[in-house]
Every structure is written in C-alpha cells, then in structure tokens.
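To start, the structure itself, in structure tokens.
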Amino acid sequence: MSAGEVIIDCYDAVLFDLDGVVYLGPVAVPGAAEGIAALHNRGTKIGFVTNNAARPPVAVADHLVELGISATAADVVTSAQAAAHLLIDRFGPGVRVLAVGGEGVTVALSEAGLVPVHSAEDNPVAVMQGYGFELTWQELNEAAIAIHHGAHWVATNIDPTRPTDRGLVPGNGAAVAAVRMAVAAEPEVAGKPFRPLLTTRSAD
C-alpha cells in the first residue's frame, strides 16, 4: 500500500454481514450507518450478505433504509437464496420443496423456480430449513417426516444463536439441531462460513 492510500483502496468491494454487525433487531449498531455512508461517498461497492433467511431481500433492504443506510434488494443476498440455488442445481426447476421458516424461505424458493409446500404429505423432494420469527414445532415435525421419507435436507445456516437488541436468542442452528435429533441425516448447509452464500448473486 503506497503513501496516502487507505486499506479500502486495496479492495473492489465490501460485503457486510447484518445481524450483530449492521443492526441488532430494530436498531442500528452505533457507527454502522455513518461508516457505510463514508464508503458510499468514496465510491466503494457495497453488498449485504446475511445468514438470516427469515425475510426476502426487499424487506431487508427496506429495514436498512429505515436505519439510514442506502440499500436496494439487489444489494442483498440471503442464505435462503443460496440454499434455493443449491436445490435448483441438484434437482432443476419445478420440483416441490418443503419450506420451513419465514417468508424469506418461501420467496427464495419461488423466485428460483421451485414449488414451496408446507406438508410432508405433498411428497417434497427436498426440505429447505431457514430461520422464521414464528417457526412452529409442526414445521419441524413436517421436516423430520419428509427427511425420513427420503427428502434431501438443506439448511440455510447452522448458527446456534442470533444477536438481537435484547441479547442472544436461539438461531436457525438450534432448530436444525432439533430436527437432527429425530433423523439419521445431516443437512447440506448453504450459509456462512460455507461457500454457497458467498458465490450466490442477488436475484436482481
């Protein structure tokens, strides 16, 4: 690095994690908005990459804007999108996938050309399990039943906890562990630190 250069000049872009890095639930991490704005003002390309599969990219971008951070859906890539891409690569479009988790899981499946279903009785070829704010035990039951019947299992991520403004709470990894206790299988994982999320492009 030559005199007058700063570290960011050595890189083409910056990818930010979100939960616990840019925001804690409904509030921004102190200094995050200002730091990201400074990078924007330098002309640095900014992206947001999150293991949290609960919301689709447009909702994540809207949240960032509410916190004073410039973002569009095209700037956001979620682990749900990465997991959906894994399933498209394995099975092709049009197959049924049991969607376990929030809206972000269902939207990612649909946008990838897969058919989200919510019951093991629909004979899904795969289970995609991601975080959901209102996840139920029945969803975990359906996942276990489908996996017992031979469905391929993909987890958006296996983070055991999720940081919030009130402290750490159980993350998707905790729910994945609950299903794992009932099945003789291990999930394929799409999110960080595994590669699929880091090589997935946004839908826009």
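The values are calculated or read from the model by the stated rules, or taken from the named source; none is laboratory data. Note that the structure is predicted; figures quoted are calculated from it, not measured. Counting neighbours? That spans all protein chains shown, and the Cβs are built from the backbone with ideal geometry, glycine included. SASA here: full protein model, heavy atoms, side chains in, ligands and nucleic acids out. Shrake-Rupley method; radii C 1.70, N 1.55, O 1.52, S 1.80 Å.
Which of the residues spanning the range 144-159 are open to solvent by less than 40 Å² (accessible area, probe 1.4 Å), under 18 Å from the mean Cα position of the chain (by Cα) and without any contact (Cβ under 8 Å) to a residue 40 or more places away in the chain?
Of the residues in the range 144-159, the ones open to solvent by less than 40 Å² (accessible area, probe 1.4 Å) are 144, 146-147, 151, 153-157.
From the residues that got through so far, the ones that are under 18 Å from the mean Cα position of the chain (by Cα) too are 153-157.
Hit for the range 144-159 is TRP153, nothing else.
Pairs only if they're at least six apart or on different chains, beta carbon under 9 angstrom, first in the range 78-96 and without any contact (Cβ under 8 Å) to a residue 12 or more places away in the chain and closer than 21 Å to SER119 by Cα, second open to solvent by less than 40 Å² (accessible area, probe 1.4 Å) and not β-branched (Val, Ile, Thr); list them, first residue then second.
Close Cβ pairs satisfying both conditions: GLY92/GLY113.
Right, ALA184: of a type in the set (A, V, I, L, M), open to solvent by 10 Å² or more (accessible area, probe 1.4 Å) and part of a loop (DSSP other than H, G, I, E, B) or not?
Yes, satisfied.
For the range 44-60, what are the residues that are farther than 15 Å from VAL21 by Cα and open to solvent by less than 60 Å² (accessible area, probe 1.4 Å)? Before you say what the answer is, go through the steps one by one.
Taking the range 44-60 and keeping what is farther than 15 Å from VAL21 by Cα, we get 44-45, 53-59.
Listed by number, the residues that qualify are THR44, ALA53, ALA54, PRO56, PRO57, ALA59.
Residues are listed down the side, and each one gets a yes or a no for (1) farther than 27 Å from LEU24 by Cα; (2) loosely packed, with under 15 Cβ neighbours inside 10 Å:
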| site | (1), (2) |
| --- | --- |
| LEU135 | no, no |
| GLU142 | yes, no |
| THR161 | no, no |
| GLY167 | no, yes |
| ALA175 | no, no |
| ARG195 | no, yes |
| THR199 | no, yes |
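Of everything in the range 61-87, what is of a type in the set (Val, Ile, Thr) and open to solvent by less than 10 Å² (accessible area, probe 1.4 Å)? Give them in sequence order. Before the answer, list the steps.
Of the residues in the range 61-87, the ones of a type in the set (Val, Ile, Thr) are 65, 69, 72, 76-78.
Within the range 61-87, ILE69, VAL76, THR78 qualify.
Among the numbered conditions (1) modelled with pLDDT under 95; (2) over 15 Å from the mean Cα position of the chain (by Cα); (3) under 19 Å from GLY20 (Cβ atoms), tell me where ALA184 comes up short.
For ALA184, the exception is condition (3).
Return the residues of the range 1-36 that are open to solvent by less than 70 Å² (accessible area, probe 1.4 Å) and in contact with a Gly (Cβ under 8 Å, 6 or more places away or on another chain); say none if nothing qualifies.
ALA13, VAL14, PHE16, ALA28, VAL29, ALA33
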